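For reference, the structure discussed in these notes is given below.
The values are calculated or read from the model by the stated rules, or taken from the named source; none is laboratory data. None of the values given here were measured: they were computed from a predicted structure. A quick note on method: Cβ atoms are made from the backbone with ideal geometry, for glycine too, and the neighbour counts reach across all protein chains shown.
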Amino acid sequence: MVGGAEKWVMMVTAQTPTNIAVIKYWGKRDESLILPVNDSISVTLDPDHLCTTTTVAVSPSFDRDRMWLNGKEISLSGGRYQNCLREIRSRASDVEDEENGIKIPKKDWEKLHLHIASYNNFPTAAGLASSAAGFACLVFSLAKLMNVKEDQSKLSAIARQGSGSACRSLYGGFVKWIKGRDEDGRDSLAVQLADEKHWDDLLIIIAVVSSRQKETSSTTGMCETVETSLLLKHRAKEIVPKRILQMEEAIKNRDFTSFAQLACADSNQFHAVCLDTSPPIFYMNDTSHRIISIAEKWNRSEGTPQVAYTFDAGPNAVLIARDRKAATLLLQRLLFYFPPSSATDLDSYVLGDKSILKDAG
Ligand code: ADP
Ligand code: DP6
Ligand code: CO
């Protein structure tokens, strides 16, 4: 907080990691509340290399709400930003900073304006879940600024209204987004299945195939899928409910064989559903397909899975190795098939745990 009684700025900065689904969310039953057609499960990545940092500031000298994303001003007029701002403002409490002599009574939050600056330290809108880290961080930092006294689960239901996948980034470790039954979406929220220490053998390698912005946003893509894909109906009703139970069991028992089989099958089915959309959506490219083949061949030759792969709505691979030894062997294989010196197919690798970023560009 800076300034005197008349001219002051109060700020809060927060950092939120992204999350990658191992059982995918794809398809909404309610577009404006962002209610999904099925439950999903994700793993929250370590924040060192894949996170959003957001600073929210309030001051009586601000004449309107404004936001900058990665240094460029963006419009806050979209329903998603407005929904998050409205939901947080309506839960604001009195805020008092005795040291600087500033008091913001609860009722003032409706008329005070905000400046928001957000930065993603990884590619935005490229299929690495920037909307998840972005909206989770926005809601979390606003809630801190306005002294909102809701638990993480309630905040997750607000973040969900910014971007569905964002609700899962309010927790670390393994997280489930329960689709809920209520029409108003109150019970469509995230719960933590296991914390980050539960299965710390796992290592995550992200192979950045392309950091370019995707042609079809997740929002547009899944809307077209809901309208046109018959396979999605089967997936949401018959396949995912069973997989959710199996995945919960695999995570609980740290059963990597089941975990890998389920994660790979679900990623492949999600991309099959994209292909079943009219017109078809291609998020993966030839390099993504080559990475799948490398992982599949290696898993088969070892007899038990060493690596799970999953691709979100983009060509970038998220590879989850069963332990440090498997991660080293996997990286060797990737470097053999995609030597950095050729600077062709892969942009960079990001290693989970205490990540290492290797940029070939
Ligand atoms: P991704 O695969 O990266 O999640 P999406 O198409 O789902 O891609 O969402 C990208 C959109 O999410 C961006 O165009 C922007 O509107 C929003 N977004 C990304 N990062 C942030 C952020 N840090 N704060 C707020 N909104 C963000
Ligand atoms: C493939 O959460 O980005 O990453 O709710 O429209 O903002 P909106 O979509 P978004 O979709 C994510 C889809 C996915 C799978 C997942 O994260 O579960
Ligand atoms: Co997204």
**Asked** Could you list, in sequence order, the residues of segment 99-149 that are more than 16 Å from ligand 1 (Cβ to nearest atom) and surrounded by 15 or more Cβ atoms within 10 Å (Cβ to Cβ)?
**Response** ILE102, ILE104, TRP109, LEU112, MET146, ASN147, VAL148
**Prompt:** Which residue out of LYS103, LYS72 is of a type outside the set (A, V, I, L, M, F, W, C) and in contact with a strand residue (DSSP E or B) (Cβ under 9 Å, 6 or more places away or on another chain)?
**Reply:** LYS103
**Asked** Take the residues of segment 343-353 that are touching a Leu at 6+ places or on another chain (Cβ under 9 Å) and at pLDDT 50 or above: which is surrounded by the fewest Cβ atoms within 10 Å (Cβ to Cβ)?
**Response** SER348
**Request:** Could you give me the residue pairs with C-beta distances under 7 Å whose first residue belongs to segment 237-252 and is more than 15 Å from TYR25 (Cβ to Cβ), whose second residue is part of a helix (DSSP H, G or I) and hydroxyl-bearing (Ser, Thr, Tyr) wherever it lies, and which are 6+ apart or on separate chains?
**Result:** GLN246/SER258; ALA250/SER258
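Results for (1) touching an Asp or Glu at 6+ places or on another chain (Cβ under 9 Å); (2) β-branched (Val, Ile, Thr); (3) at pLDDT 90 or above, shown as yes or no for each residue.
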position: CYS264; (1), (2), (3): yes, no, yes
position: TYR283; (1), (2), (3): yes, no, yes
position: GLN306; (1), (2), (3): yes, no, yes
position: ASP312; (1), (2), (3): no, no, yes
position: ARG322; (1), (2), (3): yes, no, yes
position: SER341; (1), (2), (3): no, no, no
position: SER355; (1), (2), (3): yes, no, no
**Prompt:** Does ASP39 fit the bill of being of a type outside the set (Val, Ile, Thr) and either exposed (fewer than 14 other Cβ atoms within 10 Å of the Cβ) or more than 20 Å from the chain's Cα centre (by Cα) (or both)?
**Reply:** no
**Complete:** Among residues of segment 236-284 being over 28 Å from VAL209 (Cα atoms) and polar (S, T, N, Q), the residue farthest from ligand 1 (Cβ to nearest atom) is ASN253
**Request:** Taking ASP200 as the residue in question, decide whether it is more than 16 Å from ligand 2 (Cβ to nearest atom), within 21 Å of the chain's Cα centre (by Cα), loosely packed, with under 13 Cβ neighbours inside 10 Å and not aromatic (Phe, Trp, Tyr).
**Result:** yes
**Any pair with Cβ under 8 angstrom, 6 or more apart, that starts in segment 107-121 at a residue that is closer than 17 Å to LEU138 by Cβ and in contact (Cβ under 8 Å) with a residue 24 or more places away in the chain and ends at one that is outside any strand (DSSP E or B) and among the basic types (Lys, Arg)** = TRP109/ARG89; HIS113/ARG64
**Prompt:** Where in segment 8-73 are there strands (runs of 3 or more DSSP E), lying fully within it, with 2 or more residues that are at pLDDT 95 or above, away from ligand 3 (no atom under 15 Å from the Cβ) and hydroxyl-bearing (Ser, Thr, Tyr)?
**Reply:** 51-59
**Request:** Please go through segment 273-284 and pick out each residue that is in contact (Cβ under 8 Å) with a residue 12 or more places away in the chain and under 21 Å from the mean Cα position of the chain (by Cα).
**Result:** VAL273, CYS274, ILE281, TYR283, MET284
